[in-house]
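Undergrad: One structure coming up, written as structure tokens, with questions to follow.
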Amino acid sequence: MDKEVQKCVDDLMTSTGVVGVLCADKRGMCLTSQGIANPDYSGSLTSLTQLAAAIEPGKGDPVILFENHGSQCLIHQNAGMTLAVYKTNG
């Protein structure tokens, strides 16, 4: 894995409220995961970003937000890499 990507993930993990980070390649293979981010879901997260992009083609890379009572999961794909950031509300 690229050291720059790992440093970015490490930096994100030190951000307030962040409890997990996952990074996957364009095929859904998990490149790294930390905290509560489950590497078994990397393929599903990548598929979601591809489906979201297909809803409005040509509009750029969408950001997907899943939210429940206590946490959020933000998912974004850029340059063929999917990033999921898990945060607690508050």
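Undergrad: If residue 20 satisfies all but one of (1) open to solvent by less than 40 Å² (accessible area, probe 1.4 Å); (2) out of contact with any Phe, Trp or Tyr (no Cβ under 7 Å at 6 or more places or on another chain), what's the number of the condition it fails?
TA: Only one criterion is unmet by residue 20, namely (2).
Undergrad: Does any residue in segment 39-61 that is more than 10 Å from residue 28 (Cα to Cα) come within less than 7 Å, Cβ to Cβ, of a residue that is assigned to a helix (DSSP H, G or I) six or more places away or on a different chain, and which pairs are these?
TA: Pairs found: 61/53.
Undergrad: Filter segment 50-71 for residues that are assigned to a loop (DSSP other than H, G, I, E, B) and open to solvent by 70 Å² or more (accessible area, probe 1.4 Å) and give the result.
TA: Pass one, segment 50-71, residues assigned to a loop (DSSP other than H, G, I, E, B): 56-62, 68-70.
Of everything in segment 50-71, those that are assigned to a loop (DSSP other than H, G, I, E, B) and open to solvent by 70 Å² or more (accessible area, probe 1.4 Å) turn out to be 56, 57, 58, 59, 61, 68, 69.
Undergrad: Suppose the filter is modelled with pLDDT of 95 or more and either out of contact with any Asp or Glu (no Cβ under 6 Å at 6 or more places or on another chain) or of a type outside the set (A, V, I, L, M, F, W, C) (or both); does residue 50 pass it?
TA: Values: modelled with pLDDT of 95 or more: no; either out of contact with any Asp or Glu (no Cβ under 6 Å at 6 or more places or on another chain) or of a type outside the set (A, V, I, L, M, F, W, C) (or both): yes.
No: the conditions fail for residue 50.
Undergrad: Continuing with this model, one more query. Would you pick out the residues in segment 1-36 that are over 19 Å from residue 71 (Cα atoms), in contact (Cβ under 8 Å) with a residue 12 or more places away in the chain and part of a loop (DSSP other than H, G, I, E, B)?
TA: 1, 25, 26, 27, 28, 29
Undergrad: Hey, among the residues in segment 73-90 that are surrounded by 16 or more Cβ atoms within 10 Å (Cβ to Cβ) and not aliphatic (A, V, I, L, M), which one's farthest from residue 19 (Cα to Cα)? Walk me through how you get there before you give the answer.
TA: Step one: of segment 73-90, the residues surrounded by 16 or more Cβ atoms within 10 Å (Cβ to Cβ) are 73, 75-77, 81-87.
Subset that is not aliphatic (A, V, I, L, M): 73, 76-77, 82, 86-87.
Working: 73: 10, 76: 17, 77: 19, 82: 17, 86: 6, 87: 5 Å.
The selected residue is 77.
The values are calculated or read from the model by the stated rules, or taken from the named source; none is laboratory data. Remember, predicted model here, so these are calculated numbers, not experimental data. Note that each Cβ is placed from the backbone with ideal geometry, even for glycine, and that neighbours are counted across all protein chains shown. Heads up: the accessible areas ignore ligands, DNA and RNA and are worked out on the full protein's heavy atoms, side chains in. Shrake-Rupley method; radii C 1.70, N 1.55, O 1.52, S 1.80 Å.
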